[in-house]
Amino acid sequence: MKLDIKKIRIDKKTRLYLGAGVLTLMVVLIIRSILAGPSTAPREKDRAAAQRTSTAPGNADQRTSLPSQGVVAGNGIIEPRDRETKVAVAVPGRIAAIVVHEGDRVKQGALLVQMEDAPERAALTAAQGDLASAEDDYAKTLHGQRREDIDASMNDAEAARARAEMSAEAFRRTEQAARGGAATADELDKARKQAESDRRTFEASEARRQAMVAGSRREDILAARARMEAARGRAEQARANVERLAVRAPIDGDVLQIKYRTGEYVTPGGGDPLVVMGDTTVLRARIDVDERDIGRVALGNPAYVVADAYPDRKFPGRVVELGKRMGRKNVRTDDPTERIDTKILETVVQLDDAQGLVPGLRVTGYIGPTPNVATAER
C-alpha cells in the first residue's frame, strides 16, 4: 500500500489554519464584551419601554409620614361599640326562615332566624298535656273530694247501715223460728250469711265515708306533687328545645351580615357565624400600637384616623381603652417590608365623627400626646 505524502502535508496545513481562525474569533469576542460595559446597564429600547409604562391608579405605594413629632401611629380597623357579635346556632338544623335583613336595627331578644322545629313543637304539646293532667291530680289529692261526692258517700253508708240492720233483725227472727221448728236449717243459714254480708258492706261504706271526710293522706299528696313536678320538668325541657331553634338577638344593634340563606343546613362551630351584629351608634377604631411606643399612649389621649376612601378627611376621637396584654398584629397591610413578628398593644379610639366609615374598614390611626394644661389655658 502506497501513502500520498503530498495529501498528508495539505491536511496538516489546513488544521493549522483552522486553529488560528478559532483563536482569532475568541479574541474578538472577549474584546467586544469588555467594550460593551456591564450587562445590567439599560439599553435605549429598554428605557423607551419603561417610559411608556404608567402605574395604575390606586396601586401606587403611598406612604404617609408622621404629622408631627411625638405622635404615635399604627394600623387599625373600624369596629362597632364593644366589637362585633357573632351569633351562632345552639344545635344543628335546617333554616326555616330568616326574618331580618342586613342593615336592620333590632332589639335584644328579637327573633333573627327560625330553624325547623316541627318535632320539637309536637313534643312540647304532649308534655304540656301531661303537665295539665298531673296538676289536676295533685289538686284533687290536695283538696280532697268535692262536697257532692262526700254527701253521696255518706248516703251510701247510711243505706248500707239500714240494710245491715234489716238483715240482722231478719236473722234473729229466723233463729227464733228455727228453735220452735218453724224454720229449717237452710233458711237459718241463709239468713245468717245475708246478715254477715250486709254488715261487711256497711263497714266498707263507712270506711270510704270517713276517708272522704278526712281528706288525702300526706303520702298521697307528696306523691301527687312529685308526679306534677316531673311533668313540669319535661314540659320545660320540651319548651327549651323549641326555644333553642329560635335564634334571637343577644344585644341591641344592627344586623351587619347574614352568612346563610333559607333552606341551608348549619351546625354549631361550623366556621362562619349565622349572623354578625354590632351596635353602630358608636364606632371605634382598634389600633395596633408598636411595643416601642406604648409608653407614649394613655387613656384620654386625643387621636384621629384616616382612611384611603376619604383622603381629605380626618376622623377625630380619643383613647378610651388600652389592652392588658401584648399580642400579635390584627391588621396586615400590603407593604412587603412590613414586620409581622413585632408585638403590639391593642388601643381603642372612640370616634366623635365617623360618618362614612363602616365596620371592618382598614384605617391608619394617629395618637397624640396629652395636651399641656398650662398651654391650653393660655
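Please treat every number below as a calculation from the coordinates, not as lab data. Predicted, not measured: the structure shown is a model, and the values here were computed from it. So basically every Cβ, Gly included, is an ideal-geometry build from the backbone, and we count neighbours across all protein chains shown.
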Two-site label geometry, ARG232 and VAL99: point separation in nm, points 7 Å out along Cα→Cβ
2.8 nm
From fewest to most C-beta neighbours within 10 Å, the residues THR347, THR184 line up as THR184, THR347
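So how do VAL276, VAL27 line up by other beta-carbon neighbours within 10 Å, fewest first? Intermediate results must be reported in sequence, preceding the final value.
Details: VAL276 21, VAL27 10.
Fewest-to-most ranking of VAL276, VAL27: VAL27, VAL276.
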Residues listed by number, the range 297-326, amide nitrogen under 11 Å from ASP352 label point at 7 Å toward C-beta
302-304, 315-318
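For the residues MET228, MET26, MET166, what sequence is obtained by ranking on other C-beta atoms within 10 Å, fewest first?
Numbers: MET228 22, MET26 10, MET166 13.
So the ranking, lowest neighbour count to highest, is MET26, MET166, MET228.
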